[in-house]
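Shown next, in structure tokens, is the structure this report addresses.
The values are calculated or read from the model by the stated rules, or taken from the named source; none is laboratory data. These numbers were taken from a predicted model, which means no experiment stands behind them. A quick note on method: Cβ atoms are made from the backbone with ideal geometry, for glycine too, and the neighbour counts reach across all protein chains shown. Note: areas computed on protein heavy atoms with side chains; ligands, DNA, RNA excluded. Shrake-Rupley method; radii C 1.70, N 1.55, O 1.52, S 1.80 Å.
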Amino acid sequence: KKAAKTNPASAKVLAKQLVRLRASMAKLHGAKAQLRSVGTAATTMQATHTVSNAVKGASKAMSTVSKTMPIEEQQKMLQQFAKQNEEMEYKQEILGDTLDDALDTDELEEESDDVMNQVLDEIGIDIAGKLNSAGTASSRLPAQEATEASTVAEDEALMKRLAALRSA
């Protein structure tokens, strides 16, 4: 509060940096979603290629088997193939879930927020106190799926609060 009164130019610069930081965070969330999408597409392409090769080999084997093996044995083999195919799909689903969990960076974001708050506390900026004096504010971060329009609206609201703090 004192910094805003004694040096409004630096407070304005800090506010602009905060807005830019939030825009950068929104862009990073979008890039993260796109990378996950690319990863999923690559996994799907690999699975399609694997299945294609398997079907190719299976068709060759089936033509050979149909010439030499009775129908009852062929049916038994097909049932075994279906069972193994289901097991493969289950394992692929587990692998995908594991990769999604491994790439999840919610803990990293919380840790970086804690570090940022600690740094701000050390230099004497009490954001929570300023926001409380400006009115009620949500202490939660915007959801990753928030649209760009809602982020802009939140930034505008923060700018209004900052202006109110300067005039107080």
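Structure summary
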item: Residue check, R36 over 20 Å from L99 (Cβ atoms) and either part of a helix (DSSP H, G or I) or open to solvent by less than 60 Å² (accessible area, probe 1.4 Å) (or both); result: no
item: Near pairs, Cβ below 9 angstrom, 6+ apart or cross-chain, from the stretch 39-60 (under 14 Å from E89 (Cα atoms)) to any residue that is modelled with pLDDT under 90 and open to solvent by less than 70 Å² (accessible area, probe 1.4 Å); result: T43/G96
item: Those residues of the stretch 53-85 which are among the acidic types (D, E) and surrounded by fewer than 10 Cβ atoms within 10 Å (Cβ to Cβ), in sequence order; result: E72
item: Per-region count, the stretch 1-19, residues loosely packed, with under 14 Cβ neighbours inside 10 Å and either at pLDDT 90 or above or outside any helix (DSSP H, G or I) (or both); result: 1
item: Scope the stretch 11-27; condition among the small types (G, A, S) and either in contact with a Cys (Cβ under 8 Å, 6 or more places away or on another chain) or closer than 18 Å to A164 by Cβ (or both); matching residues; result: A11, A15
item: Which numbered condition A26 misses (of (1) aliphatic (A, V, I, L, M); (2) touching an Asp or Glu at 6+ places or on another chain (Cβ under 7 Å); (3) more than 30 Å from A157 (Cβ to Cβ)); result: (3)
item: Test: G30 is without any contact (Cβ under 8 Å) to a residue 12 or more places away in the chain, part of a helix (DSSP H, G or I) and closer than 30 Å to L78 by Cβ; result: no
item: Residue that is modelled with the highest pLDDT [pool: residues in the stretch 50-69 that are among the small types (G, A, S) and within 43 Å of the chain's Cα centre (by Cα)]; result: S52
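Quick grid of which residues meet (1) modelled with pLDDT of 80 or more; (2) assigned to a helix (DSSP H, G or I); (3) touching a Gly at 6+ places or on another chain (Cβ under 7 Å):
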{"position": "E86", "(1), (2), (3)": "yes, yes, no"}
{"position": "I94", "(1), (2), (3)": "yes, yes, no"}
{"position": "A102", "(1), (2), (3)": "no, yes, no"}
{"position": "E107", "(1), (2), (3)": "no, yes, no"}
{"position": "V115", "(1), (2), (3)": "no, yes, no"}
{"position": "Q118", "(1), (2), (3)": "no, yes, no"}
{"position": "N132", "(1), (2), (3)": "no, yes, no"}
{"position": "S139", "(1), (2), (3)": "no, no, no"}
{"position": "A157", "(1), (2), (3)": "yes, yes, no"}
